[in-house]
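First up is the structure itself, then whatever we jot down about it.
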Amino acid sequence: MRRNTFGAGSVRQSDPESRPDNVLAEEADDALVADFREKLLDEIDLTELSKLDLTQRRARLERVMTHLVASKGPLLSSRERTALIRRVVAEALGLGVLEPLLADDAITEIMVNGPDQIFVERNGQVQLANVRFVNNEQLLQTIDRIVSQVNRRVDESSPMVDARLPERGERVNVILPPLSLDGPVVTIRKFPRAFTLEELIGNGTLDADTARLLGACVRAKLNILVSGGTGSGKTTLLNSLSAFIPDRERIVTIEDAAELSLQQNHVIRLESRPPNVEGKGQVTIRDLVRNSLRMRPDRIVVGEVRGGETMDMLSAMNTGHEGSLTTIHANSPIEALSRAETLASMSDLELPFAAVQEQVNNAIDIIVQLDRGPTGSRRVSEAVYVASKGREPYRLQPISVFELDDSVGPNGELHGRHRIRALPLALARRLRHTGEEFVVNPEAAPEESA
């Protein structure tokens, strides 16, 4: 058993006994893995193997490894034999020790801090994984395998790179020394599976009345901005809200990395492209937003605005593309408006502050704020209607608020309930005009406190 030399501190330590079978590979001994990797290379015909697709290659290598372990391996339990075979095949074909972590559906983020320290976010909690690279060279080989598959390069002269895993599509960020003082650092963001609103209601992200209200706003073609911090579930909620878009509409989605999974028939998916190794060929989110306006969209859904494309998105919302949705990094609804204003001013259009504020006021109708709790749970903390118009100071009216009570769960989880507020007259009128009369379920509606 490998001894772990890293203290967990406030980070939870993974329990090997509770791990699913798809992470057994971490238990294989490094020396034994290296030995059988050499044996495997001696046994296989690389030319023949290159003619097979990935699934066939994996099946072929697993058959060869099973034979090698049975004929030349030490006495191993069934569990140890399975772990050894998976680890060797993973290093031969994929990303080595990272493969079982990528296969674990409970893991949403993998953080490699040098060869000896790998953290994962599992079920909303950061844990120190019971796995490591053999040495720095093996980690660099894995990094090279990641970036070479997407025609990128990372070295001392270009020590930062963003990439995607070609098969799975996970986002990868790599930063090397001398920028990283503690060795190569790799961060892999796995795409969350698509949740329905019913599932989000079930796990407490929002309540049924708030979901019905937001659904009515989507169908009524209000422009919605989903706001929250990193890892708060913005993309998950955006994807769920998109289910309310009528199937007859033409939808263009624009993302840095394709995470959205819309189920309508008429969906055009666009994805930005980073520059190649020569620094050419980049296609930005802003390029795609501008191009999408020529594609006759009924709605534009942008995964996240983070730069000058914000002005183009606001302009689209103001010029006949109502019902668009996007997300933004911000910690409150009022901060979301201020950040949108700041990002819009980064465009090459030199507009006065009042003109940019007018664009923001007239474009955004609803802001949905997401928070992440101390236990990793995600929750809609409030939804607000942007009541200000034109060049007025920003004015927000809450339409749904999560109100905390005084109780705290055993793991620090916060308790409370969502409460629907009286709808602003302008919002209620707009919903009625589009046939979306909203009435709070009297059985679910909480009594107003005296």
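The values are calculated or read from the model by the stated rules, or taken from the named source; none is laboratory data. Values in this document were obtained by computation on a predicted structure and should not be read as measured data. Cβ sites come from the backbone with ideal geometry, for glycine too, and all protein chains shown count toward neighbours.
Would you please name the residue that is nearest to residue 226 (Cα to Cα), looking only at residues in segment 322-350 that are among the hydroxyl-bearing types (Ser, Thr, Tyr) and in a helix (DSSP H, G or I)? Checked segment 322-350; the qualifying residue nearest to residue 226 (Cα to Cα) is 338.
How many residues does segment 173-198 contain that are outside any loop (DSSP other than H, G, I, E, B) and either without any contact (Cβ under 8 Å) to a residue 24 or more places away in the chain or of a type in the set (Lys, Arg) (or both)? Before you say what the answer is, go through the steps one by one.
Going through segment 173-198, the residues outside any loop (DSSP other than H, G, I, E, B) turn out to be 173-175, 185-189, 197-198.
Going one step further and asking which of them are either without any contact (Cβ under 8 Å) to a residue 24 or more places away in the chain or of a type in the set (Lys, Arg) (or both), we end up with 173, 175, 189, 198.
Residues that pass the stated criteria total 4.
Would you check if there is a residue in segment 267-275 being within 20 Å of residue 382 (Cα to Cα) and of a type in the set (A, V, I, L, M)? No - not one qualifying residue is present in segment 267-275.
Examine segment 194-207 for a residue that is out of contact with any Lys or Arg (no Cβ under 8 Å at 6 or more places or on another chain), of a type in the set (A, V, I, L, M) and farther than 29 Å from residue 236 by Cα, and state whether such a residue exists. For segment 194-207, residues out of contact with any Lys or Arg (no Cβ under 8 Å at 6 or more places or on another chain), of a type in the set (A, V, I, L, M) and farther than 29 Å from residue 236 by Cα: absent. Pairing each residue of segment 353-373 that is over 15 Å from residue 319 (Cβ atoms) with any residue that is surrounded by fewer than 19 Cβ atoms within 10 Å (Cβ to Cβ) and of a type in the set (Val, Ile, Thr), provided the two are 6+ apart or on different chains, yields no C-beta distance under 6 Å.
Remark: pairs (first residue in segment 110-122, over 13 Å from residue 139 (Cα atoms); second residue in a loop (DSSP other than H, G, I, E, B); Cβ separation under 6 Å; 6+ apart in sequence or on different chains) = 120/129; 122/106.
Kindly check whether there is at least one residue in segment 138-158 that is crowded, with 18+ Cβ neighbours inside 10 Å and touching a Phe, Trp or Tyr at 6+ places or on another chain (Cβ under 8 Å). Yes - at least one qualifying residue is present in segment 138-158.
Residue by residue through segment 100-117, note down the ones that are over 18 Å from residue 128 (Cβ atoms) and part of a helix (DSSP H, G or I).
Here is the first cut: in segment 100-117, the ones over 18 Å from residue 128 (Cβ atoms) are 103, 105.
Within segment 100-117, 103 is the sole residue that qualifies.
Scanning segment 352-377 for residues that are modelled with pLDDT of 90 or more and assigned to a strand (DSSP E or B) gives 366, 367, 368, 369, 370, 371. Checking every residue in segment 321-338 against the condition of being over 17 Å from residue 367 (Cβ atoms), free of Cβ contacts under 8 Å to residues at least 24 places away in the same chain and assigned by TED's automatic domain parsing to the domain that holds residue 268 gives zero matches.
State yes or no: is residue 141 over 23 Å from the mean Cα position of the chain (by Cα) and not assigned by TED's automatic domain parsing to the domain that holds residue 31?
yes
Among residues belonging to segment 243-277 that are touching a Ser or Thr at 6+ places or on another chain (Cβ under 6 Å), charged (D, E, K, R) and under 20 Å from residue 295 (Cβ atoms), point out the one that is modelled with the lowest pLDDT. So, considering only residues that are touching a Ser or Thr at 6+ places or on another chain (Cβ under 6 Å), charged (D, E, K, R) and under 20 Å from residue 295 (Cβ atoms), the one modelled with the lowest pLDDT is 256. The set of residues in segment 397-420 that are at pLDDT 80 or above and surrounded by 15 or more Cβ atoms within 10 Å (Cβ to Cβ) comprises 397, 398, 399, 400, 401, 402, 416, 418, 419, 420. In this entry, residue 383 is excluded by the filter for residues that are crowded, with 18+ Cβ neighbours inside 10 Å, modelled with pLDDT of 95 or more, within 22 Å of the chain's Cα centre (by Cα) and more than 20 Å from residue 245 (Cβ to Cβ).
Taking segment 65-82 as the range and being surrounded by fewer than 23 Cβ atoms within 10 Å (Cβ to Cβ), without any contact (Cβ under 8 Å) to a residue 60 or more places away in the chain and in contact with a helix residue (DSSP H, G or I) (Cβ under 9 Å, 6 or more places away or on another chain) as the test, the residues that pass are 66, 67, 68, 69, 70, 72, 73, 74, 76, 79, 80, 81. Looking only at residues of segment 170-194 that are more than 19 Å from residue 120 (Cβ to Cβ) and aliphatic (A, V, I, L, M), we find that the one that is surrounded by the most Cβ atoms within 10 Å (Cβ to Cβ) is 176.
Screening segment 15-41 for residues that are at pLDDT 75 or above and loosely packed, with under 13 Cβ neighbours inside 10 Å and picking the one that is farthest from residue 91 (Cα to Cα) gives 31.
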